[in-house]
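Heads up: the structure comes next, in structure tokens.
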Amino acid sequence: MRLVLATRNEHKLRELSALTAPFELHPLPEHVHLPPETGTTFADNALGKARAAATATGRPAVADDSGIEAQALRGAPGVWSARYAGDHAGDEENLAKLLHEVPEDGDRRVAYVCALAYVDPGGREEVVHGRCEGVLALEPRGSGGFGYDPAFVPNDYGDGRTMAELSPEEKDAISHRGRAARALVKRLREVEEDRRPPRLFGGARRRGGAR
């Protein structure tokens with residue numbers, strides 16, 4: 001199955017392309033305009049983008065919306081993660097603001113959350129979720145990943161490394177996006193199965209009738 005990924009983020013395209021194999025993800029055509037992310041949940045935003053891409057291209061589309069939630073900030077930045085420091089802010093500015101606002105001696109628990117939406121032109125819609133728990137480091141470390149990865153220390157490995165210090169394989173195994181992608185692949189296999197013609201049971205009758 002060939003799918004359009006409703007994003008302009010090259011990092012997400014590369015990451016999700018590897019995570020959703022054997023399904024093929026293709027870049028969003030330049031002429032397609034995505035709606036603003038005005039939803040109050042990750043699922044709302046992901047569905048809005050996937051619907052727009054499916055309608056504009058006539059092909060099944062997938063969209064991701066994800067972010068980080070800090071316990072000390074009552075779940076912020078949440079759906080505002082990509083523009084936490086302003087509409088035109090970059091990863092470093094967003095991360096700097098989060099590190100400034102979470103008290104060093106306070107609750108540093110954080111969670112990465114991802115919603116992945118699938119929409120096909122026939123109207124079928126699926127939404128899956130992934131979550132990764134961790135703590136916020138006091139300062140950025142590592143050169144891998146993107147977004148808040150340099151300060152996100154996942155609980156899964158217990159060795160103090162940030163997401164940006166993990167290998168791509170280690171990150172994919174535990175990340176919110178990796179978990180959501182595996183759930184999506186499972187759903188897409190079910191979609192393919194639903195589209196197959198029903199199997200005939202009992203076998204075909206031999207020419208000339210039974211003997």
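The values are calculated or read from the model by the stated rules, or taken from the named source; none is laboratory data. Being a predicted model, the structure only gives us computed values, none of them experimental. All Cβ positions, even for glycine, are placed from backbone atoms using ideal geometry, and neighbour counts span all protein chains on display.
For residues in the stretch 92-106 being outside any loop (DSSP other than H, G, I, E, B) and not hydrophobic (A, V, I, L, M, F, W, C), which is nearest to the chain's Cα centre (by Cα)?
ASN94
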Practice task
Kindly indicate whether any position in the stretch 16-23 is hydrophobic (A, V, I, L, M, F, W, C), modelled with pLDDT under 95 and more than 27 Å from ASN94 (Cα to Cα).
Solution key: yes
Exercise for the section: For ASP120, indicate whether it is charged (D, E, K, R) and more than 23 Å from GLU169 (Cβ to Cβ). Expected result: yes
Exercise for the section: Can you tell me which residue within the stretch 112-144, out of those that are free of Cβ contacts under 8 Å to residues at least 60 places away in the same chain and among the basic types (Lys, Arg), is farthest from ASP91 (Cα to Cα)? Expected result: ARG131
Exercise for the section: Name the single residue, out of those in the stretch 146-168 being under 12 Å from ILE68 (Cβ atoms) and among the small types (Gly, Ala, Ser), that is farthest from the chain's Cα centre (by Cα). Expected result: ALA151
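Okay, residues lined up against (1) among the polar types (S, T, N, Q); (2) touching a Phe, Trp or Tyr at 6+ places or on another chain (Cβ under 9 Å); (3) free of Cβ contacts under 8 Å to residues at least 24 places away in the same chain:
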{"position": "PHE42", "(1), (2), (3)": "no, no, no"}
{"position": "GLY67", "(1), (2), (3)": "no, yes, no"}
{"position": "ALA82", "(1), (2), (3)": "no, no, no"}
{"position": "ASP87", "(1), (2), (3)": "no, no, yes"}
{"position": "ASN94", "(1), (2), (3)": "yes, yes, no"}
{"position": "HIS100", "(1), (2), (3)": "no, no, yes"}
Problem - Selection within the stretch 47-81 - surrounded by fewer than 20 Cβ atoms within 10 Å (Cβ to Cβ), under 26 Å from ALA183 (Cα atoms) and of a type in the set (A, V, I, L, M, F, W, C) - result: ALA52, ALA56, ALA76, TRP80
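Can you tell me which residues in the stretch 1-20 are part of a loop (DSSP other than H, G, I, E, B), in contact (Cβ under 8 Å) with a residue 24 or more places away in the chain and either surrounded by fewer than 17 Cβ atoms within 10 Å (Cβ to Cβ) or over 15 Å from the mean Cα position of the chain (by Cα) (or both)?
MET1, ARG8
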Completion exercise
Residue hits (the stretch 43-91; under 15 Å from LYS12 (Cα atoms) and assigned to a helix (DSSP H, G or I)) are ALA46, LYS49, ALA50, SER81, ALA82, ASP91
Practice task
Hey, could you check the stretch 26-46 for residues that are crowded, with 21+ Cβ neighbours inside 10 Å and either more than 19 Å from ASP87 (Cβ to Cβ) or of a type outside the set (A, V, I, L, M, F, W, C) (or both) and say which is modelled with the lowest pLDDT?
Solution key: LEU28
Exercise for the section: Filter the stretch 8-54 for residues that are touching a helix residue (DSSP H, G or I) at 6+ places or on another chain (Cβ under 6 Å) and among the hydroxyl-bearing types (Ser, Thr, Tyr) and give the result. Expected result: THR20
Completion exercise
Matching residues in the stretch 145-166 (without any contact (Cβ under 8 Å) to a residue 24 or more places away in the chain and under 16 Å from PRO77 (Cβ atoms)) number 1
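Sort out for me the strands (runs of 3 or more DSSP E) sitting completely within the stretch 107-182 that have 1 or more residues that are surrounded by fewer than 15 Cβ atoms within 10 Å (Cβ to Cβ). First the steps, then the outcome.
Numbers: elements: 109-119, 125-136, 152-154.
In the stretch 107-182, the matching strands (runs of 3 or more DSSP E) lie at 125-136.
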